[in-house]
1. How big is the convex hull of the Cα atoms of the range 278-372, per residue, in Å³?
2. Could you check the spin-label model distance between Ala379 and Ile17? Points 7 Å from the Cα along Cα→Cβ, value in nm.
3. Can you pull the one-decimal nm distance between simple spin-label points at Thr55 and Lys516, each 7 Å off the Cα toward Cβ?
4. Assuming R0 = 45 Å, what is the FRET efficiency of Leu317 and Arg68, from their Cβ-Cβ distance, to the nearest 0.05?
5. Assuming 0.36 nm per residue, please report the length gained on full extension of the stretch Lys281 to Lys126 beyond their Cα-Cα distance.
6. Could you compute the FRET efficiency for Glu342 and Lys47, with r as their C-beta to C-beta distance and R0 at 35 Å, rounded to 0.05?
7. Using alpha carbons only, what's the Rg to Rh ratio of the range 268-334 with Rh from Kirkwood?
8. State the Cα centre-to-centre distance between the range 278-302 and the range 177-215 in whole Å.
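Derivation of every value follows stated rules applied to the coordinates shown; laboratory data play no part. Keep in mind that this is a model prediction, so the values were computed, not measured. As a convention, Cβ positions derive from the backbone with ideal geometry for all residues, glycine included, and neighbour counts pool all protein chains shown.
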Amino acid sequence: MFMSLVAVVQLCFTVVIGIYFLTVLKSQYAGRNSMNQESTRELERLKKLNDIKLTMPLTEATRPKAVRDIVGQSEGIKALRCAICSKNPQHVLIYGPPGVGKTAASRVVLSEAKKNPESPFGEFSKFIEVDATTMQFDERSIADPLIGSVHDPIYQGAGAYGPAGVPQPKEGAVTKAHGGVLFIDEIGELSSIQMNKLLKVLEDRRVYFDSAYYSQSNKEIPRHIHEMFKNGLPADFRLIGATTRLPEEIPPALRSRCVEVFFKGLSKEEVEKIAREAAQKTDAEFDDGVFELVARYAENGRDAVNIVQTSESVSKLENRKTVEISDVRWVIESGKYNPRYEKNLNKGANVGRVCGLAVFGNSQGCILDIEASAEKCKAGCGTVTVTGAIEEEEISNNRQKLKRKSSILASVKNTATVLKRVFGIKTEDFDIHINFPNCMPVDGPSAGTAIFCAVYSAIKGVKISGTVAVTGEISISGDVWGVGEVPIKIHAAMEAGAQRVIIPVANWQEEYEKYKCEIIPVSNIFELIDAVTGAEDDETGKNNEKISDNIGIISAEGVEIFKQK
């Protein structure tokens, strides 16, 4: 009887257990079936999404595929190729305004480097592109898309190992770029913390992790995670950082590790070429004068392509096959495009008016108008007035901010000293007005020679040709000192129509002899005046005499200085 009772109980227990497991199996089957159905629906939705394709934007269709496709950056491309395509590639910083091809050039140069048998880059080398403005990170190292982070088990996103209490390292962009190139756009926007972390990675070529939840003796942690914490993740790549900032705004520690490459702003002709090439990838026709108009308002290639594409859309909406001038004008007006800064030199000759040369922004050359007037007044009662110039500038280098008086105003004072010491001309006997009409936001000592020439011309009444451009720093002893970025200034002068450019002898290069305009090096104010007033121009040539033939206007001290020089 007892045994029968036990058997019945066992049978009931078995039935209950069987029903339980059957219920669990049915639940799992139903759940799996539901998941499969949901997965099937999602796959169908993804397939439909993938089947939807819009037309390719013109900006993508015109993206350079080879080095030859990049317009206007021959010098920058050459420097970039030297840094990346060599046997031992280097880290690079590219400076330049937006839309001039920094990203495209980096891509195509890496592709070219892969074809070099001596290059360490190969087919495995990736081009990882990130934007510093979106590289958000958590100071607790929970998330860092640039360097990498550790997903600790208590935080959301810890992954499959979270429930087991295992910290899991996650690779960042520096590891994804291992063996290739990491391109960081607007690298100057990185925070100081991220910048310091990046510098450490560049030094070690590895990323190391740390976590309070990691124990080297914990055998439950998988071996690959032990390996990550023990030896870190590889990050042997070459950095290409692009920025629209000025070099002095980039941390010196980063600059010292990189080759610096400068991309210039595009000229009107180069922008026009980009617009024409973009138009060839459309099925529309364009009226004469369209591309010239685009080039007058587009500051860079990206603007040019956008104007061309929008103008084509306007004509298509009105059922026209031809893009007219009026279409482009409407796009320019609706898009609030401003005309490009342009300066064409006047071929006439004037008293007290000189064309200086300057650089603004990211190595963009420009013509700097300088005009002066000098009226004789009661001895010792004269004044010097300067208008249109920067009176004070602020310098920031990420560590401190400094303020200094304008170097243009300093050049004015140097001019007064030279006139008095060398020529015996007391500026206090004249009411002198120096003006910088339509002055660009530039400042620097390179305007010194131009200021001197303008004041000298105004006082002596000698004419200076409008096709002469001048750059250089002037000292109180009458020397002309070298200045920076002279090649950029010369190109700006030639584009404006200069026939003669006067530069410091310290900046002379033999290649200037091949330029289409005459480049004259000078070492002191006497050579400077000869070069400026002795221009082979009908007006200036008839009215001016060389300073070397007119020693009488020089003071006794000036004669001694002249003889010494």
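1. Given the Cα convex hull of the range 278-372, per-residue volume reads 130 Å³.
2. The answer from the label model is 12.7 nm.
3. Result for the modelled spin labels: 3.7 nm.
4. Working: r = 35 Å, r/R0 = 0.77.
The computed FRET efficiency comes out at 0.80.
5. 52.9 nm
6. Numbers: r = 53 Å, r/R0 = 1.52.
It comes out at approximately 0.10.
7. On the way: Rg = 10.4 Å, Rh = 11.3 Å.
Using only Cα positions, Rg/Rh for the range 268-334 is 0.92.
8. First find each Cα centre; the distance between them is then 42 Å.
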